[in-house]
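Below is one structure, written out as structure tokens; the observations come after it.
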Amino acid sequence: MRRLALVSLLVIAVSPVFGQGYKVTGVGNFKCREWIGPITLPEIDKFHQWVMGYISGFNYLIKLPTHEVRDIAKGKPIGDILTLIHDECKIHPNQTIVNAANEILDRFTKEWLHH
């Protein structure tokens, strides 16, 4: 029950429907069209590093109540996660990268709740 309550709060907190409601820094504020457009390798790396940090921060938040190590992605390779975000950005190029990342985190959260 605690897991459901915690994850529900986190989903609301990161949900684009709920509004931003929190400060996003770095390339998370960029539009998805910048992720999928023609960019240089250093720019791609910057996007990827931001996503990995964002997911790490999410994992930290969900571990707080129990202090157990958490992995919302359940060991999925980072390449697979980045591909999911890239695909989300292709579908919605005008959304921000943080919103695309949140869409993927929402999917992972639903999977996590059902296991």
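The values are calculated or read from the model by the stated rules, or taken from the named source; none is laboratory data. Computed from a prediction, not measured in an experiment: that's the story for all the values here. Here Cβ is always computed from backbone atoms with ideal geometry, including for glycine, and neighbour counts include all displayed protein chains.
Please verify whether Ile39 is in contact with a helix residue (DSSP H, G or I) (Cβ under 9 Å, 6 or more places away or on another chain), modelled with pLDDT under 90 and surrounded by 15 or more Cβ atoms within 10 Å (Cβ to Cβ), treating the condition exactly as stated.
Judged against the criteria, Ile39 is not a match.
List every residue pair whose Cβ atoms lie under 9 Å apart, where the two residues are 6 or more positions apart in sequence or sit on different chains, the first residue falls within region 104-115 and is outside any helix (DSSP H, G or I), and the second residue, located anywhere, is modelled with pLDDT under 90.
If the second residue must be modelled with pLDDT under 90, the pairs left are His115/Lys74.
Checking Lys110 against (1) surrounded by fewer than 19 Cβ atoms within 10 Å (Cβ to Cβ); (2) modelled with pLDDT of 90 or more; (3) charged (D, E, K, R), which test does it fail?
Tallying (1) surrounded by fewer than 19 Cβ atoms within 10 Å (Cβ to Cβ); (2) modelled with pLDDT of 90 or more; (3) charged (D, E, K, R), Lys110 fails exactly one: (2).
Restrict the check to region 18-28 and report whether at least one residue is surrounded by 12 or more Cβ atoms within 10 Å (Cβ to Cβ), assigned to a helix (DSSP H, G or I), modelled with pLDDT of 50 or more and small (Gly, Ala, Ser).
Scanning region 18-28 turns up at least one residue that is surrounded by 12 or more Cβ atoms within 10 Å (Cβ to Cβ), assigned to a helix (DSSP H, G or I), modelled with pLDDT of 50 or more and small (Gly, Ala, Ser).
Is it true that some residue in region 44-58 is surrounded by 12 or more Cβ atoms within 10 Å (Cβ to Cβ), touching a residue at least 40 places away in the same chain (Cβ under 8 Å), part of a helix (DSSP H, G or I) and in contact with a strand residue (DSSP E or B) (Cβ under 9 Å, 6 or more places away or on another chain)?
no
Only one of (1) in contact (Cβ under 8 Å) with a residue 24 or more places away in the chain; (2) at positive phi; (3) not hydrophobic (A, V, I, L, M, F, W, C) fails for His92. Which number is that?
Result: His92 fails condition (2) only.
Does Ser15 satisfy being under 19 Å from Trp112 (Cα atoms), hydroxyl-bearing (Ser, Thr, Tyr), modelled with pLDDT under 85 and under 13 Å from the mean Cα position of the chain (by Cα)?
yes
How do the pairs read when you match residues in region 68-80 that are part of a helix (DSSP H, G or I) with residues anywhere that are modelled with pLDDT under 90, using Cβ under 9 Å and keeping only pairs 6 or more apart or on different chains?
Partner pairs satisfying both residue conditions: Asp80/Ala73.
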